[in-house]
Amino acid sequence: QNDPSGGYQICRTNFRALLDADEVHIWYDESSNGSKFDMGGVFMLHMLGFRKKVVIANDGLILAEPKKKSFLRVMRHLAQLQD
């Protein structure tokens, strides 16, 4: 992605899309800073009262340590709130 602002415009555009969406699909990748930013945006929107249906697109392909805190566990929690 080419962004002369150093990533600001990409983050702004992606967050705007999160805000406008009724449903958010996350492709979880622990090593991706962009994914972490998007997950933080979803969490912030939830905290501000913008309830979005959360779907973890690759949930069946990943495992999380049961007692370890992680972005994955937070996203799984938000996804379960919609069930």
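The values are calculated or read from the model by the stated rules, or taken from the named source; none is laboratory data. Predicted model only: the values in this text are computed from it and were never measured. In this analysis, Cβ positions are derived from the backbone assuming ideal geometry, glycine residues included, and neighbour counts consider all displayed protein chains. In case anyone asks, the SASA skips ligands and DNA or RNA and just uses the protein heavy atoms, side chains included. Shrake-Rupley method; radii C 1.70, N 1.55, O 1.52, S 1.80 Å.
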What helices (runs of 4 or more DSSP H), lying completely within segment 6-83, carry at least 2 residues that are at pLDDT below 90, out of contact with any strand residue (DSSP E or B) (no Cβ under 8 Å at 6 or more places or on another chain) and of a type in the set (Val, Ile, Thr)?
none
Just one of (1) farther than 23 Å from residue 12 by Cβ; (2) open to solvent by less than 50 Å² (accessible area, probe 1.4 Å) trips up residue 39, so point out which.
(1)
